[in-house]
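Quick notes on the structure that follows.
The values are calculated or read from the model by the stated rules, or taken from the named source; none is laboratory data. Just so it is clear, the structure is predicted and the values come from calculations on it, not from any experiment. Cβ sites come from the backbone with ideal geometry, for glycine too, and all protein chains shown count toward neighbours. Surface accessibility is based on the protein's heavy atoms, side chains included, excluding ligands, DNA and RNA. Shrake-Rupley method; radii C 1.70, N 1.55, O 1.52, S 1.80 Å.
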Amino acid sequence: MNPAAPRTIAAIATAPGRGGVGIVRVSGENLSALAQALSGRPPRPRRADLARFRADDGGVIDSGLILYFPAPASFTGEDVLELHGHGGPVVMRLLLARCLELGARLAEPGEFTRRAFLNGKLDLAQAEAVADLIDASTAAAARSAVRSLQGEFSRAIHALVEELVELRALVEATLDFPEEEIDFLGAADVLPRLARLDARLKEVRAKARQGRLLQSGLQVALIGQPNVGKSSLLNRLAGEELAIVTEVPGTTRDALRSVIQIEGIPLHVIDTAGLRETRDEVEKIGIARAWKSVEEADLALLLLDARAGLTAADRAILEKLPAHLPRITVKNKIDLTGEAPERHPEGADTTLSISAKTGAGMDLLRQSLLEIAGWQTGEDVFTARERHLRALSAGAEHLAKARREAETAPPALELFAENLRLAQNALSKITGEFTADDLLGEIFGRFCIGK
């Protein structure tokens, strides 16, 4: 018996392991026939009905609820069937195997959400927000993913694209009728429009950067000479004793990693081995790994002993830091010098005086970490990914080029129009209007099976 269409897919939609309830999800065509073969009766649309799920020989596999969502009013835009049974792994596998016997095939990772995208139920930014919501590590990240899933990010992009389309229509009309003696830029109010568009794009980019930060967090490397208090600072930030603290230099031989939260932002803090010349082979390996952690970090926290200040060894560390890497210099152990916690303005860099032992100045450090990260408090942040940031950056670059062409005398309208087109294409990639199949495979291939 094969009542299901060849395109029908099925997968266990709940997490692996034991639970009170488990769900097998099915999507495809003519699922009413599959449901009848499985439960013995046709399902009622959008009703939760009690059913006995039967094997091919008529024996009962499990009993539970069956929900049927006919196309197109479903998550994928196709017929969708959900089988809610008891959440044991064996029961779920038997139920899934029965669906495969009835003609379904095992779904690939992210295939349900991909079908929702291809059938116009979600755009690409919303589809990615599904995975971001599942992977959210903080409440703030979950809230931003929900906003993207509800379409806030997409609406902001569509508004920008619509303005670009209007401008393109005006300039294309001018190019089609060059004999018309019209001051196009002045008549169409082009320069003020471009300025408004640029301002709105900057606002969207700022929110997207914060959304990306909420999702992935900030990699922070704690560096400095031995025995300046790196492990004490890690413990203070984490609020628990993660690292061994002693007076013996070189105690930390390898990188210790901890995830902490500040204003909902996950900070991946790496306590590295003390950076110094040593003959100890084990310590040398730890120091090499410390420099590798620095290369991969988004921010370096250089700890000094407030009693010694910035020494020649500290300057040597600073000189080896990547030029593009933001840094905060932290003068630790002010409890031994009698100094007050303070933030010292020193040009583009930040220097703080704190005590990791007593906690004095830790609020200044947390505030500085947020500022370096570019964080601004707000409830209108939406989740974003690296590809979104690249697309927004490309759109801003083409918009800037268009503005330069518009400001030349006489304006180069052909180049102006081409940069507007390129800006529109870059932004439209975010929501999926211009997206290659290989990119879709990469995006949805990272989803979990059943989603």
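Structural remarks
- Cβ-Cβ distances below 6 Å connect the following pairs, each with a first residue in segment 313-341 that is under 14 Å from VAL294 (Cβ atoms), a second residue that is open to solvent by 20 Å² or more (accessible area, probe 1.4 Å), and a separation of six or more residues or different chains: PRO326/ILE372.
- Scanning segment 14-41 for residues that are touching a residue at least 40 places away in the same chain (Cβ under 8 Å) and in contact with a Cys (Cβ under 9 Å, 6 or more places away or on another chain) yields VAL24, VAL26, LEU34, LEU38.
- The test for being over 23 Å from GLU319 (Cβ atoms), at pLDDT below 75 and under 27 Å from the mean Cα position of the chain (by Cα) holds for ARG257.
- Comparison of ALA131, ALA141 shows that the only residue that is touching a residue at least 12 places away in the same chain (Cβ under 8 Å), farther than 14 Å from HIS388 by Cβ and not β-branched (Val, Ile, Thr) is ALA141.
Okay, residues lined up against (1) touching a helix residue (DSSP H, G or I) at 6+ places or on another chain (Cβ under 8 Å); (2) over 24 Å from ARG44 (Cβ atoms); (3) among the acidic types (Asp, Glu):
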position	(1), (2), (3)
ILE66	yes, no, no
PHE69	no, no, no
ALA73	no, no, no
HIS84	no, no, no
LEU94	no, yes, no
CYS99	yes, no, no
GLU111	yes, yes, yes
ARG115	no, no, no
LEU122	yes, yes, no
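- Test: ALA340 is more than 37 Å from the chain's Cα centre (by Cα), of a type in the set (Gly, Ala, Ser) and modelled with pLDDT under 90: no
- Any chance LEU321 is of a type in the set (A, V, I, L, M, F, W, C), open to solvent by less than 50 Å² (accessible area, probe 1.4 Å), closer than 29 Å to THR138 by Cα and at pLDDT 70 or above: no
- Of all residues in segment 30-46 being of a type outside the set (Gly, Ala, Ser) and open to solvent by less than 40 Å² (accessible area, probe 1.4 Å), the one that is nearest to the chain's Cα centre (by Cα): LEU31
- Segment 75-132, subset touching a Phe, Trp or Tyr at 6+ places or on another chain (Cβ under 9 Å) and polar (S, T, N, Q), residue most open to solvent (accessible area, probe 1.4 Å): GLN126
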